[in-house]
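The values are calculated or read from the model by the stated rules, or taken from the named source; none is laboratory data. Bear in mind the structure is a predicted one, so any value in this text is a computation, not a measurement. All Cβ positions, glycine included, derive from the backbone under ideal geometry; neighbour counts span all protein chains shown.
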Amino acid sequence: MNFELNPELSELQSRVRQFVAEAVIPLENDPRCGAHGPDESLREQLVGLARRAGLLSPHAAIEYGGMGLSHLGRAIAFEEAGYSMLGPVALNVFAPDEGNMHLLEAVATPAQKEQWLRPLAAGAIRSCFCMTEPAPGAGSDPGMLATAAVPDGDGYLINGRKWFITGADGAKLGIVMAMVPGVGATMFLTDMAAPGIRLERNMDTLDTCFPGGHGVLTFENLRVPASAILGELGQGYRNAQVRLSPARLTHCMRWLGAARRAHDIAVDYARRRQAFGKAIGEHEGVGFMLADNEMDLHIARLTIWHCAGVLDQGRLALHESSRAKVIVSEAVWRVADRCVQILGGQGVTSETVVARIFADMRAFRIYDGPSEVHRWSLAKHIIKGRRTATAIDGGRSSLAGS
């Protein structure tokens with residue numbers, strides 16, 4: 001396999017890298033970065049910068065205003081964007097919007113695409129994906145879905161409660177997973193300003209990089225028309241996999257960039273900081289950590305590029321996305337953890353961005369399915385004789401993290 005970048009991808013890598021260094025990183029200490037992510041004015045400023053640089057929405061189809069990149073092209077652009085925690089926001093490739101755009105592109109009707117996908121790809125609005133629920137509702141087990149959508153005239157009434165809904169505060173579009181009695185799980189599109197939707201609160205979490213934070217939502221007789229069904233009735237779990245399988249991989253792409261940033265900072269510090277008569281990087285304790293970082297980054301990147309290539313051929317199985325998510329999320333976490341250790345006292349302060357990366361990255365081992373659920377899904381795949389992964393659980397495995 002040849003992992004050399006062709007001239008087109010090399011040029012893309014250089015463009016995004018330069019843009020992040022010159023336009024995005026200088027805004028990292030902007031006071032508009034709060035406990036629940038960058039505020040809307042900062043997001044709009046960042047999106048405007050990317051738009052002028054010709055780098056907005058690299059994953060979206062050209063007909064909807066994106067760059068129409070292949071999955072391998074996205075792997076290159078997303079890693080470079082992830083080098084700053086604000087980079088994915090600028091390029092409009094942050095979660096959950098990036099995954100929602102992919103879902104809309106794959107299953108929405110032409111009218112739904114015009115209403116929602118086009119403004120999303122333009123960075124004009126934000127969205128949220130409403131699936132995860134408090135106990136006893138759906139979490140890692142999607143079969144526990146409790147939110148109900150009951151037929152009412154020519155539409156449906158939705159009632160239920162959701163939490164850990166990334167970007168809910170300030171979102172214009174909501175994609176709501178609900179159980180239609182006698183039919184099954186179904187996705188619905190809604191304007192988040194519609195009567196019947198209440199944002200109870202934003203949850204205080206370790207990560208602070210997602211615009212809108214993570215909200216708790218209540219749906220009380222939210223009325224949606226039949227035209228708001230996304231995909232088909234009863235196909236909610238199947239459509240969730242359309243979204244989540246590639247979304248796991250794009251998470252990996254972004255966090256790889258953040259891990260590389262932390263590693264670069266640690267390397268620079270290890271070269272400059274003196275202890276016991278020489279630079280600390282020359283001591284085996286630190287030098288070995290840097291070497292382990294290089295190996296973890298290398299394995300993570302090869303895993304991502306391999307899966308991106310398979311996705312470009314239209315054949316990435318669920319177990320492959322699960323495997324990649326576990327490999328990469330745990331590898332980049334080890335990198336961030338070692339970087340904190342190498343920096344010592346500075347590693348737990350805001351003196352560098354490493355502490356922020358460390359805190360933000362910890363959630364990656366949980367979002368879009370915790371490692372344990374993915375391992376369980378992989379184990380079932382192995383025991384059942386490596387059947388096609390879409391047959392496992394009827395396409396319902398590892399849906400957590402929405």
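Just to be sure before I move on: is residue 299 on the phi < 0 side of the Ramachandran plot and at pLDDT 95 or above in the structure I sent?
yes
Pairs under 8 Å by beta carbon, first residue aromatic (Phe, Trp, Tyr) in segment 225-253, partner modelled with pLDDT of 95 or more and surrounded by fewer than 22 Cβ atoms within 10 Å (Cβ to Cβ), six or more apart or different chains?
Sorted first by the residue in segment 225-253, then by its partner, the pairs are 237/184.
I'm trying to understand the selection: among the residues of segment 30-82, which are within 18 Å of residue 171 (Cβ to Cβ), among the polar types (S, T, N, Q) and in contact (Cβ under 8 Å) with a residue 24 or more places away in the chain?
Selection gives 57 alone.
Hey, can you tell me all the residues within segment 191-206 that are of a type in the set (S, T, N, Q) and assigned to a loop (DSSP other than H, G, I, E, B)? So that I can check it myself, show each step before the final result.
Residues of segment 191-206 of a type in the set (S, T, N, Q): 202, 205.
Across segment 191-206, the qualifying residue is only 205.
Go through 125, 197, 158 for me and flag whichever is crowded, with 22+ Cβ neighbours inside 10 Å and touching a residue at least 12 places away in the same chain (Cβ under 8 Å). I'd like the intermediate steps shown before the answer.
Values: 125 fails: crowded, with 22+ Cβ neighbours inside 10 Å; 197 fails: crowded, with 22+ Cβ neighbours inside 10 Å.
When all the criteria are applied, what remains is 158.
Conditions first: (1) modelled with pLDDT of 95 or more; (2) closer than 22 Å to residue 74 by Cα; (3) among the polar types (S, T, N, Q). Residue 241 passes all but one, so which condition is the exception?
So residue 241 meets the others, but not (1).
Do we find a residue being buried (at least 23 other Cβ atoms within 10 Å of the Cβ) and within 25 Å of residue 131 (Cα to Cα) anywhere in segment 32-49?
Yes: one or more hits.
Any chance you could count how many residues in segment 327-355 are part of a helix (DSSP H, G or I) and either farther than 12 Å from residue 293 by Cβ or among the hydrophobic types (A, V, I, L, M, F, W, C) (or both)?
20
Name the pairs whose Cβ atoms lie under 7 Å apart, with the first residue in segment 323-347 and on the phi < 0 side of the Ramachandran plot, the second crowded, with 22+ Cβ neighbours inside 10 Å and not in a helix (DSSP H, G or I), and 6 or more positions between them or separate chains?
Close Cβ pairs (under 7 Å, with a partner that is crowded, with 22+ Cβ neighbours inside 10 Å and not in a helix (DSSP H, G or I)) amount to 325/368; 325/369.
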